[in-house]
Structures are given as structure tokens and as C-alpha cells.
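K.L.:
The structure's right below; bear with me while I get my questions together.
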Amino acid sequence: MDVSSEMIHSLLLLFMVTTLSTGAIAVGIMEGLAESFALVVKVFSGALSDYLGRRKPLALFGYSLSALTKPIFAMASCLGLVVTARLLDLVGKGLRGAARERASYSTTLFPLRLQACRLFKSYRVASNQCG
């Protein structure tokens, strides 16, 4: 995840339980479904990226969709709006993730792909720590 998503999602669960009076079980179910939905989107976006042969438009759309959902979290007054914003954010995450990873691997020479993968993962971990 990126820094903005980490900052929002760390407080989102607390917001849902305290302000929206959502039960812990409902929050757990919603988070589990949302993450599984994001992984399914990532699989299909990877296939779509390979089919189109273009990675940048999918990655750009994914980043844009995630950025546009951030204000929805701030305006959320009901659980449905929070769930919608969360799902749209994770769709953006799934779209950009597969295209971004495939683009980085396809532009790296074969002997250096493992090192590129490790470098990319270290950037993600650093982003998570900043969030």
C-alpha cells in the first residue's frame, strides 16, 4: 500500500467501531472480503495488462482511482459509504499493482530480476513504515 492508504486504513477501523458503531465481527468480515476482492482484481488486471500489452494506462488509472477515493473516507457518514470507498481503493490497488510489477519486471534484464524484485519490495516496506 502507499503512504496515504496506510494512514487512512490505520484509523479506519477505529472510526468504524467508535463513530459508526460497527461490530468487530462485521469489521473483520468487511476487511476479509475487501482484501480478497483486491486480490481477485489484481489477477484479472494482470491478465488484462498482458492482453493489452500496455501497463502504464492501467497503473495510472489505479493510482487515480485510489487517490479519488481518499476524500470519500473523510465524508463518510454511514457504513455503506466506507465500504464503497474501501472497495474502490482496493480496486485501484489491484489495478496498479499488477501493471506496475509487470512493467518493472519486463524492463529488467533477466539476471537482475530477483534483485529488482527485492528492491521493489523494500520500497513498499519503507512506504508502509512511513504510513
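Any read-out appearing in this document is the output of simple, stated calculations on the displayed coordinates, not a laboratory observation. Worth saying up front: this structure is predicted, and the values here are computed from it rather than measured. Cβ: placed from backbone, ideal geometry, glycine included. Neighbour counts: every protein chain shown.
K.L.:
Could you tell me whether the stretch 75-88 includes any residue that is hydroxyl-bearing (Ser, Thr, Tyr), surrounded by 14 or more Cβ atoms within 10 Å (Cβ to Cβ) and under 25 Å from Val3 (Cβ atoms)? Can you show your working first?
P.N.:
Residues of the stretch 75-88 hydroxyl-bearing (Ser, Thr, Tyr): 77, 84.
Subsequent filtering for residues that are surrounded by 14 or more Cβ atoms within 10 Å (Cβ to Cβ) retains 84.
Among the residues that remain, those that are also under 25 Å from Val3 (Cβ atoms) are: 84.
Yes - at least one qualifying residue is present in the stretch 75-88.
K.L.:
Would you be able to tell me the number of residues in the stretch 87-131 that are hydrophobic (A, V, I, L, M, F, W, C) and over 24 Å from Tyr51 (Cβ atoms)? Quick ask: steps written out before the conclusion?
P.N.:
The initial filter retains those residues of the stretch 87-131 that are hydrophobic (A, V, I, L, M, F, W, C), namely 87-88, 90-91, 95, 98-99, 103, 109-110, 112, 114, 116-117, 119-120, 125-126, 130.
If we keep only those that are over 24 Å from Tyr51 (Cβ atoms) as well, we get 109, 112, 114, 119, 125-126, 130.
Looking only at that region, the number is 7.
K.L.:
Go through the stretch 59-73 and give me each residue that's surrounded by fewer than 18 Cβ atoms within 10 Å (Cβ to Cβ) and within 15 Å of Ser49 (Cβ to Cβ).
P.N.:
Leu60, Phe61, Tyr63
K.L.:
If you scan the stretch 74-110, which residues turn out to be more than 30 Å from Thr18 (Cβ to Cβ) and outside any helix (DSSP H, G or I)? Talk me through it step by step, then tell me what you get.
P.N.:
Step one: list which residues in the stretch 74-110 are more than 30 Å from Thr18 (Cβ to Cβ), which gives 95-110.
Those that are more than 30 Å from Thr18 (Cβ to Cβ) and outside any helix (DSSP H, G or I): Thr107, Thr108, Leu109.
K.L.:
Here are some conditions: (1) exposed (fewer than 13 other Cβ atoms within 10 Å of the Cβ); (2) without any contact (Cβ under 8 Å) to a residue 60 or more places away in the chain. Cys130 meets all but one. Which one does it not meet?
P.N.:
So the condition that Cys130 fails would be (2).
K.L.:
Quick one: Lys42 ticks every box in (1) more than 15 Å from Arg102 (Cβ to Cβ); (2) assigned to a helix (DSSP H, G or I); (3) out of contact with any Lys or Arg (no Cβ under 7 Å at 6 or more places or on another chain) except a single one, so which number is it?
P.N.:
Of everything listed in (1) more than 15 Å from Arg102 (Cβ to Cβ); (2) assigned to a helix (DSSP H, G or I); (3) out of contact with any Lys or Arg (no Cβ under 7 Å at 6 or more places or on another chain), Lys42 misses just condition (1).
K.L.:
Something else: Find all pairs meeting these conditions: Cβ atoms under 8 angstrom apart; at least six residues apart or on different chains; first residue within the stretch 35-49 and of a type in the set (Ser, Thr, Tyr); second residue in a helix (DSSP H, G or I) and surrounded by fewer than 19 Cβ atoms within 10 Å (Cβ to Cβ).
P.N.:
These pairs meet every condition: Ser49/Arg102.
K.L.:
Select, from Val83, Val91, the only residue that is under 27 Å from Val125 (Cβ atoms) and touching a helix residue (DSSP H, G or I) at 6+ places or on another chain (Cβ under 9 Å).
P.N.:
Working: Val83 fails: under 27 Å from Val125 (Cβ atoms).
It is Val91.
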